[in-house]
Each structure stands twice: as structure tokens, then as C-alpha cells.
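These notes are about the structure you will find just below.
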Protein chains: 2
Amino acid sequence: MGKVYTIHDIAIRLDISKSTVSRALRNHPDVSKETKELVFEMAKKLNYQKNILASNLASKNTNLIGVVIPEIARQHFFAQALSGIQKVAKEKGYIVMVCQSNEELQEEINQVNALVNSRVAGILISLSKETDSYEHLQFAIDRNIPVVLFDRGADEMELSQVTVDDYKGAYDVTKHLIHQGYTNPAHLCGPMSLSISQKRYNGFIDALKDAGLSASNAHVYQCDNLSLDAKDATERLLSLKKRPDAVFCMSDYIAIQVLKVLKDKGIRVPEDIALAGFAGDPITDLMDPTITTVEQPAFEIGVQACRRVIMEAESEDRETLGVINKVLPTKVIERDSTLRV
Amino acid sequence: MGKVYTIHDIAIRLDISKSTVSRALRNHPDVSKETKELVFEMAKKLNYQKNILASNLASKNTNLIGVVIPEIARQHFFAQALSGIQKVAKEKGYIVMVCQSNEELQEEINQVNALVNSRVAGILISLSKETDSYEHLQFAIDRNIPVVLFDRGADEMELSQVTVDDYKGAYDVTKHLIHQGYTNPAHLCGPMSLSISQKRYNGFIDALKDAGLSASNAHVYQCDNLSLDAKDATERLLSLKKRPDAVFCMSDYIAIQVLKVLKDKGIRVPEDIALAGFAGDPITDLMDPTITTVEQPAFEIGVQACRRVIMEAESEDRETLGVINKVLPTKVIERDSTLRV
DNA sequence: CTGAAAGCGCTAACAG
DNA sequence: CTGTTAGCGCTTTCAG
């Protein structure tokens, strides 16, 4: 176990002061080129590594970005968004800490607290489906830690948000279904506590209305993402007297599960029932049939959210910086599961 | 922006010393019950949050566990393992930082360095497929930071490892294929830089040999996980004069892609070609046909790896603690893609 | 059981 | 351009 060197060690060896070493290491302008070179050389020789804890404690700011997402797995979207976040963070010299809330409010609160206690420079969060109070976010704000919501936003707080046009995505895909000649589309929506579920639901309903179809007759069942509800919901749809001729699911994962149930029952997609998902998960293109979905610029959401939180973190005057509410476009990817032959 | 209180603030208000406050907050035995109560009360009243940076700096140890994985997305396995890690970490009062190497050695090195600089208590890592040098791990070890490898191990370093019995999993699934009557199985292996690829390959080959089949005639093509190679590899298999009657893929994701290609070409699974994957990703059960796979105790791997790294981190005498090499069992899940009718 | 004092390793004025 | 002097907020001897 080798010794861990500090700026003190390198100062001693070079017979200069710690401050000069500290400055040199940070490439501060008022250090001569020569001393800088000497310092870097010695640092390298000793394999010096700055103690970030001490550095952050003294400078009162950190290079950490905390990210809280509902779940790391299963959702291609978050993985992609995370990549975007990490790309920007890396460019700007931040390192990111990822935490999962597991879709639980209490866990989300714990994670945010932990991040605040670790004195992160900023927090990026995609709310859990249980989140209906925002004190934990306020807590961070009160400590001057900027919070930016991504994907799953909330209008209850005055916070910057980077989301996707869920409403339009749902509207467009529903319109696509109608254009394809489906007259009785159903919707499997997500938990209404999530604003994205609401927006997708509204998009669905409005598209029906605008096409002159009766929205009140449309069947909508709620299923939580990732649960087995999709199976039950599908069976309920199938047992209706007037069986829907298309199903728009609020997520790709639900769509995949629905497809499974339909195929097991010998129901053909899209001949008997058309199927569309939401999120643009690449897996939808590997299914049989390929599934129509609504693509989201996941990576870009991560990029923009991260840029924003860093800007807020580095801003001297947060007040006049204000908050932004960025809504990125979605795009319907038409695939076999909805295309009439 | 509310004031951020410190132990000093609460000491002043209670007219006691900082040290007592510090001790009380940590529930140190030599503080009277009464003072503790007063301190806790005041802490709560002020909404005091310990500054972890300062705490860690002073005590020279942290409550952070760093985790480096090749990629967060696409692989159900890592997500599950991560959950196991987080469960244990939480129980023991640690918080985990997740980093991605993106399967790149350089990025892995960067991440490990960042973790070391953040003075994490321990590092859990699943090696990237490019990793062929281990100085970055040695670097952590030299700084007295324990490193535990999970899933993707390496025998080049004397480190604790928690892996899965890849050899046996591959052996068993190949045996299963042979039992089902397939006489000419092919294998799509992963990058041979990964020990798991090698082990799965060896398991495949040995199962053939033990069944009296010619291993030298077996077709093996390498495809990197997640790349589009799976398509090419499948086409090469199909264009062989003696077309294989079964394909064992080193990962579920590859299997899914192969299935797609086969179906697009009108080749029936399992009638024309049987198909098996590896990892136990739940998506395999949603495919049509359902795909045979080798289940790994992903969550358990995370749990055990995390327990171990914490044990090593907290050990006074790392030397005599030594290293462990835990190999967890795998289990073949037989599904339609390999079952003869 | 409690307090005083001395740091952890680094940054940040303030002089020169 | 460089050194000196104070801390950041907490933990930790060492006395009492």
C-alpha cells in the first residue's frame, strides 16, 4: 500500500509553498510556466491525485452531478438519457452519481437527501410515479443546489424541465392509427400520477375527437409500467363486446407484453388488432411484427438537462437566470404492427 | 435560500462543545442520553445535515461505494446486479456511485481514477471487454481501496471475485440441445477478451465432446454483444453447406437478434433451427417463440459482491482477510425455442 | 461524560 | 509571480 501524496509533499520536494502548488495544479494564470512544469512533473512522479473531498470542502463547490431515475433497467430511455448526461458532465469536468428511486417516493427522498448531503453541484431527476410532494426538491433548492427535471416533470414547482412532447407524440400516433383505418382504438395508459401518462392520454383522446370519433366510447385501462397488469388489461380489452381494433400503449414495454398475450391467443397483429407503443426502444424493431412506436430524443434530453443544471450550478445570479421549460419533439415510427397491408 | 447549519450552530445554541455535538450525532457511547436528546432535537429543528465531505475528510473514510459497469442499458443483468448492490449498500449505510465504461478500457480507467480521487470506500467492477491491463485496479489497491470484480472477472489480479458458473451454464444448455436431438449446434460467442466468453465457449465445446460430437466441426463465430454483428453471423451460419440445426448465443440480446433474422428469412424456430441465449433476461420469455436461456442469479451476485467489498473496506487486516472467488450457479430455462415438439 | 486543540488536504484572500 | 495565514466542517486525541 503506497503512500498517498498531498500537495504538501510536492511543495516540500520543490521547496515552494503549498499555495503555489495548488495554483499550479489548477492551472491558475498567475503561476510561472516554469514552476507549473516543475509541479506537474513532480506530481506525475509521485502519482499525485488531488483529494476531491478536501478540494470541494475548501472551495465550497463540487464537481458532482446527482441523477435520480425511477429505475435503471428495462427502460432504454433512461439508459440513453444517462449517456447524454454523462457525455456533457464529462466534457464539463463533472462526475455523475446515479441513484434509483425504484418508483418509490420515500426512496426518492432518501436519494435526494443523500445527494444534498454529498454537496452535489446539481441534481437531475425524473420523478417516481409516487411523487406527489416536492419538499425534498425544495430542500435541495433551499441549499442552493439547482434541480432540473427531465422527462417526467411537474408543474407544481418552479423548476427547469426538459421533457418531450408527450401530448403530440400520443396525438400523432393515434392519428396514424386512425389514418390506417382503425376506428376503435383503445389505450393502455400509465399511472395518472405521472404527467407523462396524463399528456399521452390527452393526446390520445384529442386525436379521437379531432377525427370525429367518440372519445367517450374509447376504452382506456390503466396499467403500471413493468407490472403484469398488461396481461390483465389485454384480456379485458379482448372480452369487450365491441373489441377494439387497435391498442395504443403508453410504453413500449407494455406493448411488448400485450403483443405476447395477443399472439398466445392466436390474435393477429395488425390484422385483428393493431398495436403501438411509446418510447422508441430498439427492441420494438426486433419484435415480430415490428412495433410502431413514438421515438423520443432520449440522449438529447440528457444532454440538454445536464447542460442546464450545470449552467444553473455555475451561475452567479440564479434569480435572473430563471427557469426554462424545454419540450423536445417526438416522432412516430410507423412499423408493421399498425400498417394495413 | 436557507442557511445551512453546522455542528457549530447547534453547539452554540445548546452551549456545549462541537465535539460533544459531533459525538452525539454519531451516537457515540460516551455522551449522556440527555445531551443526545437535546442535540437530536436541535438538529432536527435546524434541519441540520451533516457535511459528508468534511466528515469523510476528517475521518479519512467514506461511505461511498463506486460501481463500474460496461453499460447500464440493454443488459438486464447489470440492472439486477445493481439492485442487489444498492440493497446491501443501503443496509450498511453506504451510498453507491454508478459509472459506465462503455466497454472501453480508457473510460474504465478514467472512472476508476475518479472514484479513487473521490476516496470511495471500495470499488465493484465488471470489466469492459477491452480491459487487458490492470494498472488502474492496482492503483486503487495501492491506495488501500478494495476492489471486487463481479460477473466479468480476471485471474490476472489477486482480487476477490463474484461470478457465475459460465462454463457449466454453457455446458448444460449445450447438453440440453444435444438431448433434444440437435446434432450440429453452432455457437455465437462473445469477444474472447472476456473471460465469460471463453468460459461459455469452453462449456459449449466440452459438451459437444462429451456427447461424442465433433467439436472441431462445430461452427463458432464471434459477435460483439450489442453490435449488429449478430445479423452477419447468422447469415454466415445459414450459408454453410452443412447448416447448423441449433445456435447457442453467448447472450440473450444476440439470440433475440438472431431470432429476428431467422424469422425474416422464414426459417422456423425451433423446427428448422433451435436457438438458445444466455443471461435469463425476462424479455426472452416475451419473444415468439419463447427463448431458452441460462439464468444467472444477478441480484445475488450484486448482493454478495457488495457485502464482500464492504467487508474488505471495513477490515482492519486486509492481509489475512485474503480474497475470495465465489462462483454462483446457473440454471437452464428450457423454452420453446429449443424444445422439439 | 465533556471540552480544547489540532488537524484532514485543499483553497482563498491578502500581502509583498 | 509567490508565500503567509486562515479557514471549509467535521473527527479525534488528550486532558479533565
* Tell me, which residue of region A:184-206 that is closer than 15 Å to A:C249 by Cβ and among the small types (G, A, S) is modelled with the lowest pLDDT? -> A:G190
* Asked: Just to be sure, is B:P270 surrounded by fewer than 24 Cβ atoms within 10 Å (Cβ to Cβ), more than 30 Å from B:A121 (Cα to Cα) and either hydroxyl-bearing (S, T, Y) or in contact with a Pro (Cβ under 8 Å, 6 or more places away or on another chain) (or both)?
  -> yes
* Restricting to region B:57-78, what's the tally of residues that are under 30 Å from B:V4 (Cβ atoms) and at the interface with chain A (Cβ under 10 Å from one of its Cβ atoms)? -> 8
* Asked: Between residues in region A:233-258 that are touching a residue at least 12 places away in the same chain (Cβ under 8 Å) and closer than 24 Å to A:D166 by Cα and residues that are surrounded by fewer than 24 Cβ atoms within 10 Å (Cβ to Cβ) and among the acidic types (D, E), which pairs lie under 8 Å by C-beta distance while being six or more apart or on different chains?
  -> A:D245/A:D272
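Quick grid of which residues meet (1) surrounded by 15 or more Cβ atoms within 10 Å (Cβ to Cβ); (2) among the β-branched types (V, I, T):
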residue	(1), (2)
A:S197	yes, no
A:I205	yes, yes
A:L208	yes, no
A:S214	no, no
A:N217	no, no
A:D232	no, no
A:E235	no, no
A:D245	yes, no
* To do: With the condition kept exactly as written, say whether any residue in region B:67-79 is surrounded by fewer than 19 Cβ atoms within 10 Å (Cβ to Cβ) and either touching a Gly at 6+ places or on another chain (Cβ under 6 Å) or of a type in the set (D, E) (or both).
  => yes
* For region A:315-323, indicate whether the set of residues that are touching a helix residue (DSSP H, G or I) at 6+ places or on another chain (Cβ under 8 Å), under 30 Å from B:D264 (Cα atoms) and of a type in the set (G, A, S) is non-empty. => no
* For region B:285-333, name all the residues that are assigned to a helix (DSSP H, G or I), within 15 Å of the chain's Cα centre (by Cα) and not small (G, A, S). => B:F299, B:E300, B:I301, B:V303, B:Q304, B:C306, B:R307, B:R308, B:V309
* Any idea which of A:L82, A:L124 is in a strand (DSSP E or B), assigned by TED's automatic domain parsing to the domain that holds A:Q304 and surrounded by 24 or more Cβ atoms within 10 Å (Cβ to Cβ)? -> A:L124
* region B:132-144 residues that are more than 12 Å from chain A (Cβ to nearest Cβ), paired with ones that are among the small types (G, A, S) (beta carbon under 8 Å, 6 or more apart) -> B:D132/B:S193; B:Y134/B:A154
* Structure fact -> For region A:10-25, the count of residues that are of a type in the set (K, R) and either within 12 Å of DNA strand D (Cβ to nearest atom) or in contact (Cβ under 8 Å) with a residue 60 or more places away in the chain (or both) equals 2
* Asked: Would you call A:A246 in contact with a strand residue (DSSP E or B) (Cβ under 6 Å, 6 or more places away or on another chain) and not charged (D, E, K, R)?
  -> yes
* How many residues does region A:1-25 hold that are more than 14 Å from chain B (Cβ to nearest Cβ) and under 30 Å from B:V147 (Cβ atoms)? -> 6
* **Filter pass, A:A140 being at pLDDT 90 or above, in the same structural domain as A:F77 (by TED's automatic domain parsing) and either among the acidic types (D, E) or in a helix (DSSP H, G or I) (or both)** => yes
* **Identity of the residue in region A:30-74, of a type in the set (S, T, N, Q) and in a loop (DSSP other than H, G, I, E, B), that ends up farthest from DNA strand D (Cβ to nearest atom)** => A:N47
* To do: Inspect all residues belonging to region B:85-92 and state whether any of them is acidic (D, E) and in a helix (DSSP H, G or I).
  => yes
* To do: Kindly indicate whether A:V112 is more than 14 Å from the chain's Cα centre (by Cα), over 30 Å from A:K331 (Cα atoms) and more than 9 Å from chain B (Cβ to nearest Cβ).
  => yes
* To do: Determine which member of the set B:A54, B:A81 is within 8 Å of chain A (Cβ to nearest Cβ), modelled with pLDDT of 90 or more and touching a Ser or Thr at 6+ places or on another chain (Cβ under 9 Å).
  => B:A54
* Mind checking which residues of region B:259-275 are in contact (Cβ under 8 Å) with a residue 40 or more places away in the chain and within 19 Å of B:Q222 (Cα to Cα)? -> B:L259, B:A274, B:L275
* Filter result for B:C223 (surrounded by 14 or more Cβ atoms within 10 Å (Cβ to Cβ) and either among the hydroxyl-bearing types (S, T, Y) or within 18 Å of B:L339 (Cβ to Cβ) (or both)) -> no
* Does B:Q111 satisfy the criteria of being away from DNA strand C (no atom under 11 Å from the Cβ), in contact with a strand residue (DSSP E or B) (Cβ under 8 Å, 6 or more places away or on another chain) and part of a helix (DSSP H, G or I)? -> yes
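The values are calculated or read from the model by the stated rules, or taken from the named source; none is laboratory data. Because the structure is predicted, anything quoted here is derived from the model rather than measured. Cβ sites come from the backbone with ideal geometry, for glycine too, and all protein chains shown count toward neighbours.
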